[in-house]
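Chemist: Structure below; questions to follow.
The values are calculated or read from the model by the stated rules, or taken from the named source; none is laboratory data. Keep in mind that this is a model prediction, so the values were computed, not measured. A quick note on method: Cβ atoms are made from the backbone with ideal geometry, for glycine too, and the neighbour counts reach across all protein chains shown. Ligands, DNA and RNA are excluded from the accessible area calculation, which covers all protein heavy atoms including side chains. Shrake-Rupley method; radii C 1.70, N 1.55, O 1.52, S 1.80 Å.
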Amino acid sequence: MKKELSKKQLELFDLILRELSTAIKNSVLYATDHPLFSFSIKNLKASLEKWLSEEGELDIGISQDNILLGGVFVRQKDDVYSEVASYLHSRGIVAISVFKEIDTDELTDFFKFIKND
């Protein structure tokens, strides 16, 4: 992956992070069969599909307080990036790879897994 993202890539990655943040919050607040949680998973999957259709895969690195894409910090001192990174890092997740074959059941299972310490 290139070190510098195009404007379109950056906008799409920002959308993925916002949808990921929403899905995390909804996974904490609601059961996986709740409509709001299901809706957030569908939105996350849609944003991931847009990325995957153009880039083929998504490799995210997670530090204590930030998110990396292709080994490079995308946004410094961004609240959404920091919150997502902190939540995932506190659960021992240091990297996430997403491929075109991902489905909503796998995403739901991921959130079930990270919901529990």
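Chemist: Going through segment 15-117, which GluC sites (Glu not before Pro) have at most 14 other Cβ atoms within 10 Å and a DSSP loop state?
Modeler: Sites meeting the loop and neighbour criteria: 101.
Chemist: Report the number of Lys pairs in the chain whose alpha-carbons are under 17 Å apart, with separation of 8 or more residues or on distinct chains.
Modeler: Step by step, the pairs that qualify in the chain add up to 12.
Chemist: Turning to a different aspect of this structure: Anyone know which of 107, 17, 44 comes out most mobile in the 10 Å Cα GNM of the chain?
Modeler: 107
Chemist: For the chain, take the longest principal axis of its alpha carbons; what is the angle in degrees between that and the long axis of helix 35-55, to the nearest 10 within 0 to 90?
Modeler: 30
Chemist: Over the chain, with the other protein chains present, what is the accessible area per residue in square angstrom, probe 1.4 angstrom?
Modeler: 60
Chemist: Across 10 Å bins from the origin, how do the percents of Cα pairs in the chain run, short distances first?
Modeler: 14, 49, 33, 4
Chemist: Moving to a separate point now. So what is the calculated 222 nm ellipticity per residue for the chain, using -39500 (n - 2.57) for each DSSP H run with n of 4 or more, over all residues, to the nearest 500 deg cm²/dmol?
Modeler: The per-residue figure over the chain is -19500 deg cm²/dmol.
Chemist: Roughly speaking, to the nearest percent, how much of segment 1-103's 1.4 Å accessible area is carbon and sulfur?
Modeler: Answer for segment 1-103 is 52 percent, counting heavy atoms of protein chains only.
Chemist: Still on this structure, I have one more. Using a 1.4 Å probe, how large is the accessible area of residue 34, given in Å² and rounded to the nearest 10?
Modeler: 60
Chemist: Taking trypsin sites (Lys or Arg not before Pro) that fall in a DSSP loop and have at most 11 other Cβ atoms within 10 Å as cut points, what is the longest piece of the chain between them?
Modeler: 4-76
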